[in-house]
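Here, each number is a calculation from the coordinates, and none is a lab measurement. Small disclaimer: the values here were computed from a predicted structure and weren't measured. All Cβ positions, glycine included, derive from the backbone under ideal geometry; neighbour counts span all protein chains shown.
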Amino acid sequence: MPDVSAARKGFVGNEAGGFFLLRMRSIAVVTSIAAAAFLGAATGPAQAGTGMLIAVNINNFQDWGNFNQDPVGGTDPTPGDAIRACDDTADGWGVTAYLDVGRNGSWDRTSTTAGHASGFCSAWETGNLTEGTKVTLKACNTKAGYAPKNCDEADTVA
């Protein structure tokens, strides 16, 4: 059993029983590395039940959208089957993350940073999905009155 006091110091547990430090600035770096590894090796979708947190990075890895497959505990728990958008660029554009459940071309869930200054991640938008459901995560820079730009997407399973 891992040292629970680590969770009280800003560390979050993983399924292997270890802990990793979760800070706003380090999230961008860790998420960028994880997403680059996932997207670079995307020969097939992730396996269900792994608790995988994937990201789609846009705007030269400055902004991103996340999909969290399974809940992750700790002092600030991350819900499962959830998406969020993160905007780290002070460029006047927000970020919107979209989730297509079943990969049928319909965006079933969205999360946005609209109305917030950069350096902000939206709340997690969640809803239970059946294990093994195929999903597509898409993230775009968005701004009222303009077409979305810098969009990218990735496929995985819930």
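Stretched out straight at 0.36 nm per residue, the stretch from residue 155 to residue 133 would grow longer than its current Cα-Cα span by 6.8 nm. Compactness of region 72-122, taken as the C-alpha radius of gyration over 2.2 N^0.38 Å, stands at 1.32.
The Cβ shell under 11 Å around residue 101 holds other residues with a net charge of 0, Lys and Arg each +1, Asp and Glu each -1.
Counting pairwise Cα distances across region 60-158, what percent come out greater than 22 angstrom? Mind showing how you got there, number by number?
On the way: 1318 of 4851 pairs.
In whole percent, the share of Cα-Cα pairs in region 60-158 beyond 22 Å is 27.
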